[in-house]
Amino acid sequence: MAKKEHVSETQATQMLRKHHIAFSEHPYPYEEHGGTAVSARALGVPEHAVVKTLVMQDEGGKPLIVLMHGDCKVSTKNLARAIGCKAVEPCKPEVAQRHSGYQVGGTSPFGTRKALPVYVEESILALETIYINGGRRGYLVALAPRVLLELLAATPVQCALAD
């Protein structure tokens, strides 16, 4: 049997352990600008089950997190409508890092520097298992999607666009 690769703790895994959340760790070789296609291929899972964590902001510059299927894009127009804002846009990488405390490419919705409102594409909640960033580049954790509701109080929205 292959030796399990040890992965050091992150803010995300500390939060999951503290709340007794069952998860499995999945390190993979990170590729700059590879996105969810690389992690899905490396782990042998459908890209639809890999959830990306996107740090965005509303028209007033207030940050928020959107969780989206790896093989979909966010309709910022539909998201803004769903959350009662005029407009939503992605944060610049340095701004996203300042809000979340995570390096872009390693952003997890768990254990962020500041408590941010979290919105999850509704269809993610229907999956059996999701693979989401564990707080470091090249590191996903697999868990039940209900954790997003229980631990993050994520608000379900419909804002997915096929990639």
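Since every read-out is calculated from the coordinates, none of them should be taken as a lab result. Given the structure is predicted, the values throughout are model-derived calculations rather than measurements. Every residue, glycine as well, gets a Cβ built from its backbone with ideal geometry; the counts of neighbours run over all protein chains shown.
Structure notes:
- Cα-derived Rg over Rh, computed across the range 1-78 with Rh taken as Kirkwood radius: 1.02
- The convex hull built on the alpha-carbon positions of the range 67-115 has an orientation-averaged projected area of 4.0 nm².
- Estimated FRET transfer efficiency (Asn78, Ala126; beta-carbon r; R0 25 Å; 0.05): 0.85
- Positive minus negative residues near His99 (Lys, Arg vs Asp, Glu; Cβ under 13 Å): +3
- Convex hull volume of the C-alpha atoms in the chain, normalised per residue: 110 Å³.
- Sites Ser24 and Gln158 - FRET efficiency at Förster radius 30 Å, r taken between beta-carbons, to 0.05: 0.55
- Among the listed pairs Lys52/Lys92; Lys18/Lys62; Lys62/Lys86; Lys52/Lys77, those whose Cα-Cα separation exceeds 23 Å are Lys18/Lys62.
- Here the contact order of the chain, divided by its residue count and restricted to Cα pairs under 8 Å and six or more residues apart, works out to 28 percent.
- Theoretical gain in end-to-end length, Ala144 to Gln14 [0.36 nm per residue, Cα-Cα removed]: 45.1 nm
- Hydrodynamic radius (Kirkwood) for the range 99-158, which is based on Cα pairs only, to one decimal in Å: 11.9 Å
- For the range 116-155: relative contact order, % (alpha-carbon pairs under 8 angstrom, 6 or more apart): 44 percent
- Antiparallel bridge percentage (DSSP; both residues within the range 51-163; nearest 5): 70 percent
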